[in-house]
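Q: Would you mind keeping the following structure in view while I ask a few things?
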Amino acid sequence: MRSIRARLMTILAVATTIIWLCGVSWIAVHTQRELDRMLDQRLGEVGRMVNSLLRSGEIDPMVAADAAMSMSQGSESGPRNFISCQIWDAEGRLIGRSGGAPLEELASIGNGFADTMVGEQPWRVFAVVDAVRGTRILIGDNLEERQAIVRQVVLGLVVPAAALLPLLAALIWLAVSHGLRPLDMAATVLRQRKPADLAPLSPADLPVEVRPMFQALDSLLERLAESRAQEQTFTAFAAHELRTPLAGLRLQAQLAMAADTEATRQSALKQIIVAVDRMTALVRQLLELSRLDGEAAPPERSVDAAELLDETARRMHPMPCALQVAPSLRGVPVRVDPGLFSMTLRNLLENAIQQSPAGEEVVCEAHRDADHLVIAVRDRGPGIPPAELQHIRKRFFRGRHKSAGGSGLGLAIADAAMRKAGGMLRFRNRPEGGLVAEMLLPVEPEAARAS
Amino acid sequence: MRVLLVEDDAMLLDGMRLGLKMHGFQVEAVSLLGDAEPALRATHFDAVVLDIMLPDGSGLDLLRQLRARGDATPVLLLTARDAVEDRVEGLDLGADDYLGKPFDLDEVAARLRAIGRRAQGRPTPQLTWGALVLDPARRDVTLHGSRIALSRREFAVLEVLMERPGVILSREELQERLYGWLDDVESNAIEVHIHKLRHKLGRDAIRTLRGIGYRMGDPLA
């Protein structure tokens, strides 16, 4: 059901109807029972009364039977129907009969109550037997007449109740509509918002039930605002980072123009090429980072660790360093996107090579460590001062030992790519000097269990 | 003018060193704050070109320190941080000028000359001593209106002497202002330049005070 209003209306209407029906049924049943009880009581009283009249011996049975009838008209507020009275003597002769009473025997019982059929009609009969005189007094109610009374009473209650139903329905509708008004107001507030407005909504004056939804909305807005701020910061940073290389470029161009020797001019022009190459690399890295930020994570694939490394080496050909793959890695599955994996490794290797003094080898080695695949890139450069270790993943961070053409983005890219692929990076200084950069990828659980 | 360049980008550093040299400045360059501090304490500079974002700290901290200890060396902030707030902050901290990157080399040279002039209390760009006129921007010297050809070093010596005409400058001071740390200076290099200048300008243009130093002679008629 797509409308809260309709849903509420239906639930309330059905519930009210059921309750109403139950109520009415209960009234009907209860009234019936009470009436039966009362009328039975009356039967009993009248029967005993007639019996005592007869006993006294002074009254003619016919008169006594009539008396029964007049007694039944007793209270004015009670139900008005006539009982029938029959007085049978010991020989089975009908000696007394109230007006309108049937001629057949009402019942053949001894003392007490019975339900009988007289002719085609059901009767409720009370019998009093006088053992001494042998007389039987039968007092009976035509049940159909009883039912008529019950119907009258019940109808008298039900009809007004039924008239209430539409009134109830109208009230429910009004209540539901009014109750849902805060939702309408909240919707209006949202609709009036400017598209760029990411300020939080104020859940204070909203009903309690709607607040969780608006709080979730607020946290979404907050995340959106954060992400946009990050984007803007990033753009500002990127533009800023380009200014220094651009300044170098312009400078060299001016020097080339003002150079008084050809050698100076050539040197300046060469520097221009270098600067352009640097900026090209920077722009490429910026695009990479922007794509990492923007796109959803690619679906992970389960790949064999050794095959992954072979594939990566092929992609990066020529590999700037030897790749040592531990044999225990064959057949070990990892879940990772190969593109992100090689992007991370490439950036780590570039970083290591830039930091390494000429002639020193960069070692790249992969092995298994408990439930992780570890790819370690080791260089013999200056390492990273401990104070800077926490900053190196930040964008545009360039530490003490920064290289001439670096941008501060390589490790940021590696970190972002690795996290997107479901792994993480770890950095450590080597005791003998240099840095170890490790990529950690979780190994598939089955394999972990198998080993 | 002797200028200290504090900039961490290697290409920019080299380019500026070369470019400012072409404009007649004597340039020393460092790429860390940690190196700039001792350089400023050790020698006199006519101006400092200071980048703000350096690997071992902010150039503004160096500026603060300089001004705190009363060092009035003119400072030109040259930086990629170019927003108005950054400029205002830099200037209010005691910088004499502020340029953003990328910049024009000629403009940097001109601004350096301007803050050099201000520091010396000289309103006019040209240095005049009688009929001798030296133009620092155009790097030429005229006597009675006719141009005199001078070598780079001769020009530099004359410029230093004409900047403070009444002041006696010792040989060491002249050497300090003319030569970089890496230059090999022959012990009598200054005398040679002074001699050549006298030859071109007249004997009385520059006065020698034995044992003390040199200064400009009486204004040339």
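Q: Suppose the filter is assigned to a helix (DSSP H, G or I), within 7 Å of another protein chain (Cβ to nearest Cβ) and open to solvent by 90 Å² or more (accessible area, probe 1.4 Å); does A:R243 pass it?
A: No; evaluated as a whole, the condition is false for this residue.
Q: Just to be sure I understand, how many residues within the range A:380-395 are buried (at least 16 other Cβ atoms within 10 Å of the Cβ) and either of a type in the set (G, A, S) or closer than 24 Å to A:A421 by Cα (or both)?
A: Looking only at that region, the number is 5.
Q: Can you pull out the residues in the range B:81-117 that are open to solvent by 70 Å² or more (accessible area, probe 1.4 Å) and away from chain A (no Cβ under 11 Å)?
A: Of everything in the range B:81-117, those that are open to solvent by 70 Å² or more (accessible area, probe 1.4 Å) and away from chain A (no Cβ under 11 Å) turn out to be B:V84, B:E85, B:R87, B:V88, B:E89, B:L91, B:D92, B:R111.
Q: Kindly establish whether A:P431 is open to solvent by 30 Å² or more (accessible area, probe 1.4 Å) and away from every other protein chain (no Cβ under 14 Å).
A: yes
Q: Could you please let me know if A:P442 is free of Cβ contacts under 8 Å to residues at least 60 places away in the same chain and either surrounded by fewer than 19 Cβ atoms within 10 Å (Cβ to Cβ) or away from chain B (no Cβ under 14 Å) (or both)?
A: no
Q: Within the range B:20-38, take every residue that is part of a loop (DSSP other than H, G, I, E, B) and touching a residue at least 40 places away in the same chain (Cβ under 8 Å) and give me the one that is nearest to the other protein chains (Cβ to nearest Cβ).
A: Across the range B:20-38, the extreme among qualifying residues is B:H23.
Q: So is A:E145 among the acidic types (D, E), more than 14 Å from chain B (Cβ to nearest Cβ) and either within 30 Å of A:V46 (Cα to Cα) or open to solvent by less than 40 Å² (accessible area, probe 1.4 Å) (or both) or not?
A: In short, yes.
Q: Could you tell me which of the residues B:R203, B:R138, B:R177 is within 30 Å of B:A36 (Cβ to Cβ) and open to solvent by 20 Å² or more (accessible area, probe 1.4 Å)?
A: Answer to the selection: B:R177.
Q: Filter the range A:7-59 for residues that are in a loop (DSSP other than H, G, I, E, B) and surrounded by 13 or more Cβ atoms within 10 Å (Cβ to Cβ) and give the result.
A: Answer for the range A:7-59, where residues must be in a loop (DSSP other than H, G, I, E, B) and surrounded by 13 or more Cβ atoms within 10 Å (Cβ to Cβ): just A:I59.
Q: If A:P212 satisfies all but one of (1) assigned to a helix (DSSP H, G or I); (2) within 14 Å of another protein chain (Cβ to nearest Cβ), what's the number of the condition it fails?
A: Of everything listed in (1) assigned to a helix (DSSP H, G or I); (2) within 14 Å of another protein chain (Cβ to nearest Cβ), A:P212 misses just condition (2).
Q: Could you grab me the full set of residues in the range B:5-19 that are crowded, with 22+ Cβ neighbours inside 10 Å and more than 10 Å from chain A (Cβ to nearest Cβ)?
A: B:L5, B:V6
Q: Sticking with this structure for a sec: If you go through the range B:61-77 one residue at a time, do you hit one that is within 11 Å of chain A (Cβ to nearest Cβ) and not in a helix (DSSP H, G or I)?
A: no
Q: Hey, any hits in the range A:404-421 for a residue that's open to solvent by 10 Å² or more (accessible area, probe 1.4 Å), in contact with a His (Cβ under 9 Å, 6 or more places away or on another chain) and modelled with pLDDT under 90? Don't jump to the end; show me each part of the working.
A: So in the range A:404-421, the residues open to solvent by 10 Å² or more (accessible area, probe 1.4 Å) come out as A:404-408, A:410-411, A:415-416, A:419-420.
After this cut, where a residue has to be in contact with a His (Cβ under 9 Å, 6 or more places away or on another chain) as well, the list is none.
No, the range A:404-421 has no match at all.
A quick yes/no check of all residues on (1) of a type in the set (A, V, I, L, M, F, W, C); (2) farther than 30 Å from A:W123 by Cβ:
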{"residue": "A:I149", "(1), (2)": "yes, no"}
{"residue": "A:L155", "(1), (2)": "yes, no"}
{"residue": "A:L171", "(1), (2)": "yes, yes"}
{"residue": "A:L180", "(1), (2)": "yes, yes"}
{"residue": "A:A186", "(1), (2)": "yes, yes"}
{"residue": "A:K194", "(1), (2)": "no, yes"}
{"residue": "A:R223", "(1), (2)": "no, yes"}
{"residue": "A:R250", "(1), (2)": "no, yes"}
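Q: Among the helices (runs of 4 or more DSSP H) confined wholly to the range A:256-363, which include 1 or more residues that are over 53 Å from the mean Cα position of the chain (by Cα)?
A: Helices (runs of 4 or more DSSP H) meeting the threshold: A:262-294.
Q: Taking the condition of being aliphatic (A, V, I, L, M) and either in contact with a Leu (Cβ under 7 Å, 6 or more places away or on another chain) or in contact (Cβ under 8 Å) with a residue 24 or more places away in the chain (or both), how many residues in the range A:110-142 meet it?
A: We begin by selecting, within the range A:110-142, every residue aliphatic (A, V, I, L, M); these are A:114, A:117-118, A:125, A:127-129, A:131-132, A:137-139.
Among the residues that remain, those that are also either in contact with a Leu (Cβ under 7 Å, 6 or more places away or on another chain) or in contact (Cβ under 8 Å) with a residue 24 or more places away in the chain (or both) are: A:118, A:125, A:127-128, A:137-139.
Result for the range A:110-142: 7.
Q: Something else: Which of the residues that make up the range B:45-60 are free of Cβ contacts under 8 Å to residues at least 40 places away in the same chain and more than 10 Å from every other protein chain (Cβ to nearest Cβ)? Can you show your working first?
A: The first filter runs over the range B:45-60 and keeps only residues free of Cβ contacts under 8 Å to residues at least 40 places away in the same chain, leaving B:52, B:56-58, B:60.
Once the filter is applied, which keeps residues that are free of Cβ contacts under 8 Å to residues at least 40 places away in the same chain and more than 10 Å from every other protein chain (Cβ to nearest Cβ), the range B:45-60 yields B:I52, B:G57, B:S58, B:L60.
Q: Given the criterion closer than 30 Å to A:V189 by Cα, more than 10 Å from chain B (Cβ to nearest Cβ) and open to solvent by 60 Å² or more (accessible area, probe 1.4 Å), identify the matching residue among A:L224, A:L217.
A: Step by step, each of A:L224, A:L217 is checked, and only A:L224 is closer than 30 Å to A:V189 by Cα, more than 10 Å from chain B (Cβ to nearest Cβ) and open to solvent by 60 Å² or more (accessible area, probe 1.4 Å).
Q: Is it the case, given these coordinates, that B:A42 is farther than 23 Å from B:P136 by Cα and either touching a residue at least 24 places away in the same chain (Cβ under 8 Å) or within 14 Å of another protein chain (Cβ to nearest Cβ) (or both)?
A: no
The values are calculated or read from the model by the stated rules, or taken from the named source; none is laboratory data. Because the structure is predicted, anything quoted here is derived from the model rather than measured. Note: ideal-geometry Cβ built from the backbone for every residue, glycine included; neighbour counts use all protein chains shown. Surface areas here come from the heavy atoms of the whole protein model, side chains and all, with no ligands, DNA or RNA. Shrake-Rupley method; radii C 1.70, N 1.55, O 1.52, S 1.80 Å.
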